[in-house]
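Here's the structure we're looking at; comments come further down.
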Amino acid sequence: MGLGLGGWSAWKALEGDLFIARNQLGSWSAYTDLAAPQGNPYASAKAAQIGGLPMGLAEGFEFTATTDSDGAPLLAGCNYMLLGSVPQARLWTLDAVDEAGVSLLADGAPQSGINSRAIVHAPVEEAGRAGDGVDALVIAVGPDPAPGNWIQTQSSARLILTLRLYDTQVGSGVGVRDISLPRIVGGRAREGC
């Protein structure tokens with residue numbers, strides 16, 4: 001009985017993220033305990049459970065978004081715009097996946113995501129719309145073609161956007177709550193969005 005109760009309580013502790021520090025920044029969230037030097041045992045167990053290997057603080061930081069800036073769930077069959085800026089990093093990547101971590105990119109999509117080395121920075125009028133000055137980003141995500149930076153998705157599955165910052169000060173000296181991340185706004189309307 002004790003073994004069964006212990007196993008059940010461990011499973012319940014890992015089912016959610018009750019014991020793992022999670023920071024919410026608008027639509028984006030980050031689990032700051034996953035790479036903590038102190039090694040939160042619940043965070044380590046959660047990473048092992050999902051088969052992930054978190055980046056160390058010296059390597060980088062990962063943010064995920066499952067909702068737009070209005071709180072509506074992200075869907076791969078809908079169009080969105082990411083407006084704003086990304087914290088300073090040597091390299092950053094943005095990928096579109098489903099809840100199982102499988103890519104939601106359309107077959108034959110021109111790219112598997114987008115990264116800071118292949119980004120087209122917004123013209124001044126678009127940057128003003130993004131609200132972060134001349135170096136602002138405008139990235140379209142969705143099934144319909146868009147000029148500039150575009151991640152083409154397909155299906156009606158739930159969409160998770162994953163932003164990874166490599167070689168950054170986020171998490172090591174700069175507080176996670178002190179940074180600015182892109183807003184996720186609904187783009188061109190599609191049926192069911």
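How do SER69, SER85, SER27 stack up against each other in accessible area, from largest to smallest, with a 1.4 angstrom probe?
On the way: SER69 60, SER85 35, SER27 10 Å².
From most exposed to least exposed: SER69, SER85, SER27.
GLN154 versus THR66, label points 7 Å from Cα toward the beta carbon: distance in nm?
Roughly 2.5 nm, to one decimal.
The values are calculated or read from the model by the stated rules, or taken from the named source; none is laboratory data. No experiment lies behind these values; they were computed from the predicted model shown. No Cβ is skipped: glycine too gets one built from the backbone with ideal geometry, and neighbour counts run over all protein chains shown. Just so you know, the surface numbers come from the protein's heavy atoms only, side chains and all, with ligands and any DNA or RNA stripped out. Shrake-Rupley method; radii C 1.70, N 1.55, O 1.52, S 1.80 Å.
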